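As structure tokens, the structure follows; a few thoughts come after it.
Every read-out reported here was derived from the displayed coordinates using simple, explicitly stated rules and does not represent laboratory data. Values in this document were obtained by computation on a predicted structure and should not be read as measured data. All Cβ positions, glycine included, derive from the backbone under ideal geometry; neighbour counts span all protein chains shown.
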Amino acid sequence: MRFASEFRDPVLARALLAAVAGKAEAIGATRERPVHIMEICGGHTHSIFRYGLDKLVHEGIEFVHGPGCPVCVLPMARVDECVAIAERPEVIFATFGDAMRVPGHRKSLMQARADGADIRMVYSPLDALELARRNPDREVVFFALGFETTTPSTALAILQAAREGLGNFSVFCNHITVPEPIRALLEDPDMRLDGFIGPGHVSMVIGLRPYDFIARDFGKPLVVAGFEPTDLLQALLMVLTQIAEGRAAIENQYARVVPENGNPVSLAAIAEVYERRPSFEWRGLGEIESSGLRIRPAYAAFDAEAKFGIGYAAARRTVPEIEGCACGQVMTGRLKPTQCPQYGRGCTPESPLGALMVSSEGACAAYWQYAGARTAAA
Ligand code: SF4
């Protein structure tokens with residue numbers, strides 16, 4: 001296959017749907033007793049709704065939307081800290097556009113910019129580096145967030161800044177990792193998950209081996225998938241096949257992109273620049289051990305936490321979510337977006353209460369945009 005259209009071939013899609021239905025029947029999945037398959041990545045959530053796969057698959061398959069949207073899982077206190085940094089008169093705060101409208105407790109970055117903070121939208125950390133070169137009398141802070149997909153590019157920007165001796169560039173590091181929250185979900189006795197569709201872009205960096213514990217310790221299958229409809233249907237079929245055969249393994253549907261052992265150059269940059277935080281707070285999941293990265297002391301000159309004395313103290317950071325928001329429950333797959341009392345009422349894309357309605361990878365935005373669900377559940 002060479003072109004994206006080949007991954008949207010209706011004949012192939014129909015054949016895969018029939019095979020998926022056959023496996024669902026074989027394992028006895030029904031509307032009343034569905035098999036629960038979590039797609040971890042927010043990009044997969046959007047693909048599922050964009051192509052209507054949730055409606056096309058057998059009625060005994062329930063997609064559970066996972067915590068794989070990095071903007072959505074950012075706790076409100078970190079947004080507050082971004083705003084506090086951005087409001088410093090000497091700072092140019094550089095951020096991806098996705099993060100601009102995420103509500104903080106006091107205000108969003110968009111509101112802070114309207115109030116006079118110098119906040120610039122960038123497409124890459126290299127844009128932020130360029131801002132630092134052009135504004136030597138200002139402090140340029142790059143808001144780094146994201147999973148292992150974006151972690152290497154931030155690391156490379158820090159290494160480049162070190163090479164150039166750019167003293168006015170720093171990074172507010174909010175990079176997080178995928179395997180640890182999966183473990184937290186699997187250890188939660190209230191969660192009922194039968195298998196996983198694994199993230200494609202993250203796995204391109206880390207490979208397959210970091211997921212081994214899911215099959216080994218919890219007996220659940222995971223199949224890394226691409227983002228086209230036939231990718232997702234094939235991955236779903238592979239998960240169901242494992243369940244039908246009583247197996248649990250880590251498999252790779254996205255082999256055209258994902259190497260088994262990841263990308264060695266990216267992994268080396270990550271190892272050079274970051275170390276694990278003892279724990280990091282996730283919206284909806286709470287503190288998760290070893291799930292966040294911070295900048296190593298060797299690169300403290302480029303660490304905004306060190307530069308501006310922000311630190312990371314759980315007691316100070318924990319800020320209650322907005323009353324009535326079900327972001328945490330949606331994030332962990334316990335509720336569908338339309339079951340949130342605020343969905344379509346207090347929370348819409350024009351006036352979001354939670355990040356899931358803002359981010360291009362958020363589950364609530366996916367429902368709103370593709371599922372024709374523009375009102376709350378009755
Ligand atoms: S509808 Fe809004 S408040 Fe409710 S879960 Fe989604 S983003 Fe959060």
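Only one residue of L222, G292, C41 has its Cα farthest out toward the positive end of the dipole of the chain, where Lys and Arg carry +1 and Asp and Glu -1 on Cβ, and that residue is C41. Working note: Karplus 6.51/-1.76/1.60 with θ = phi - 60° gives the range 121-137 the couplings 7, 10, 9, 7, x, 5, 4, 5, 4, 5, 4, 5, 4, 7, 10, x, 8 Hz, where Gly and Pro are set to x. Phi angles across the range 358-365 convert, under the Karplus curve 6.51 cos²θ - 1.76 cosθ + 1.60 with θ = phi - 60°, into 3J(HN,Hα) values of 9, 5, 5, 10, x, 5, 5, 5 Hz, Gly and Pro given as x.
If the only charges are +1 at each Lys and Arg Cβ and -1 at each Asp and Glu Cβ, what is the size of the charge dipole of the range 1-129 around the Cα centre, to the nearest 20 debye? Could the numbers behind the result be given before it?
Numbers: 15 positive and 16 negative charges, 46 e Å.
The calculated dipole for the range 1-129 is roughly 220 debye.
Against the chain, whose longest principal axis comes from its Cα atoms, helix 10-26 is set at around 70 degrees. Average projection, convex hull of the Cα set of the chain: 18.8 square nanometres. Placing unit charges on the Cβ atoms of the charged side chains and taking the dipole of the range 83-149 about its Cα centre, the candidate lying farthest along the positive direction among F96, A86, Q111 is Q111.
Sequence neighbours fewer than 8 away in the same chain don't count; with that in mind, list the aspartates and glutamates whose C-alpha is under 19 Å from K307. Here the aspartates and glutamates satisfying the reach criterion relative to K307 are D80, E81, E87, E90, D118, D137, E139, E164, E275. With q set to 0.14, 0.18, 0.21, 0.33 Å⁻¹, the log10 of I(q)/I(0) for the range 327-370, from the Debye formula over equal scatterers at the Cα positions, is -0.23, -0.39, -0.54, -1.38. In straight-distance terms, cross-link reach from K220 covers every one of the lysines whose alpha-carbon lies under 18 Å from its own, apart from those fewer than eight places away in the same chain; here that gives K23.
Based on other C-beta atoms within 10 Å, arrange Y274, Y51, Y367 from fewest to most.
Working: Y274 22, Y51 19, Y367 25.
Least to most surrounded, the residues fall as Y51, Y274, Y367.
Adding -39500 (n - 2.57) for every DSSP H run of four residues or longer, then dividing by how many residues the chain holds, sets the calculated 222 nm ellipticity at -10500 deg cm²/dmol.
Take the eigenvalues of the Cα gyration tensor for the range 72-118, scale each by 5, and report the square roots as semi-axes in whole Å, largest first.
Working: eigenvalues 51, 22, 18 Å².
For the range 72-118, the ellipsoid semi-axes come out as 16, 11, 10 Å.
Between P75, P349, P264, find the one with the highest GNM mean-square fluctuation for the chain; connect C-alpha pairs within less than 10 Å. In this elastic network of the chain, the residue with the biggest mean-square fluctuation among P75, P349, P264 is P264.
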